[in-house]
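Below: the structure, in structure tokens.
Taken together, the values in this text are just the output of simple stated rules run on the coordinates, not laboratory data. Quick caveat, the model's predicted, so the values are computed rather than measured. No Cβ is skipped: glycine too gets one built from the backbone with ideal geometry, and neighbour counts run over all protein chains shown.
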Amino acid sequence: CGHELTGFFDDRRDCSEAGLKRREKFGALLDYVVERGVERTVARQELLKVLRGHTSEILRKITPPNF
């Protein structure tokens with residue numbers, strides 16, 4: 001359309017105390033999954049999938065029943 005698009009994109013990361021705690025817990029879970037043999041990028045994708053309400057057969061196989 002001939003117009004220059006400009007925008008300001010803010011960081012969506014929650015830097016509050018609660019946000020920092022959530023990221024710390026996510027990191028601990030990520031480490032847990034990686035320590036059980038899942039490649040780091042796959043582990044991250046699977047954790048994010050579960051956080052969005054989906055299931056993960058990979059995580060189901062490595063997670064204790066009462067976890």
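I need the peptides 12-21, 41-50, 54-63 ranked by packing, meaning the mean over residues of other C-beta atoms within 10 angstrom, with the highest value on top. Before the final figure, lay out each step's value.
Numbers: 12-21: 9.5, 41-50: 15.6, 54-63: 13.4.
Final packing ranking: 41-50, 54-63, 12-21.
What ³J(HN,Hα) values, in whole Hz, does the Karplus curve 6.51 cos²θ - 1.76 cosθ + 1.60 give for the range 16-28 when θ = phi - 60°, with x put for Gly and Pro?
6, 4, 5, x, 5, 5, 4, 5, 5, 5, 4, x, 5
How much net charge surrounds Arg22 when only the other residues with a Cβ under 12 Å from the Cβ of Arg22 are counted, with Lys and Arg +1 and Asp and Glu -1? Before the final figure, lay out each step's value.
Working: positive: Arg13, Lys21, Arg23, Lys25; negative: Asp14, Glu17, Glu24.
Residues close to Arg22 contribute a combined charge of +1.
In nm, to one decimal, how far is the modelled label at Lys61 from the one at Phe26, with both set 7 Å along Cα→Cβ?
In this crude spin-label approximation the distance works out to 2.5 nm.
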